[in-house]
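Structure first, commentary second.
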Amino acid sequence: MINASFKFQQELRLLTAKDFSRVFDKAFKVNNKAFTLLARKNNLKHPRLGLVIAKKNLKFAYQRNLVKRLLREEFRVRQHTLDGYDLVILTRRDIAVLPKTDIIRLRDDLFDKFHKKCKRF
C-alpha cells in the first residue's frame, strides 16, 4: 500500500493561472539542458508543482506524458525536502532528442541544483 504522504494530491498542484503567474512574475531560476525550473517561496507548509510541457518541444503525447510522469515521480519523492516552494518546470527544445536515461539524470540534476540554490536564500 502506498504511504498517503507520498501521493500527488490536489493541494500539491499549481492549478490556476493566478498561481502560475505568481511564480513567473518573481521567481528564481535553475536550468539545465532539458528543463528550466522556476521557484518562488509560498506561504504554505508544503510545496506545489506546475508543469509546462510544450507540444513545440515534444511532438507526441506519449513523450509529454513520460516527461510529466518522471517529473511528478521525483517531486513526490522529494516533496518533504522542498520546504514550501511553488515550482514550475518547463521543458526545453533539447529534450526531444534525449533518451529516457538522460532525461532521468537531468531531472535529478535539476532538483539537486534547486536544493543547492535554496540553501543560499
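Bear in mind these aren't lab numbers, they're just calculated from the coordinates by the rules spelled out. Just so you know, these numbers come straight off a predicted model, no measurement behind them. Note: ideal-geometry Cβ built from the backbone for every residue, glycine included; neighbour counts use all protein chains shown.
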Computed ³J(HN,Hα) along segment 18-26: with the Karplus parameters 6.51/-1.76/1.60, θ = phi - 60°, integer Hz and x for glycine or proline, the list is 4, 4, 5, 4, 4, 6, 5, 5, 9
Relative to the first principal axis of the alpha-carbon coordinates of the chain, what is the inclination of helix 100-120, with its axis defined by its Cα atoms, in degrees from 0 to 90 and to the nearest 10? 30 degrees
Do the sum for the chain: with -39,500 (n - 2.57) for every DSSP H run of n ≥ 4, divided by all residues, what is the mean residue ellipticity at 222 nm, to the nearest 500 deg cm²/dmol? -13000 deg cm²/dmol
Here are some values of mean projected area of the Cα convex hull in nm²: [x] 6.6; [y] 7.8; [z] 13.8. Which one was computed from this structure? [y]
Which of PHE24, PHE60, PHE114 comes first, and how do the rest follow, when ranked by fewest Cβ neighbours within 10 Å? PHE60, PHE24, PHE114
Using a cut-off of 12 Å between beta-carbons, work out the net charge of the residues near PHE20 (Lys and Arg +1, Asp and Glu -1, PHE20 not included). +2
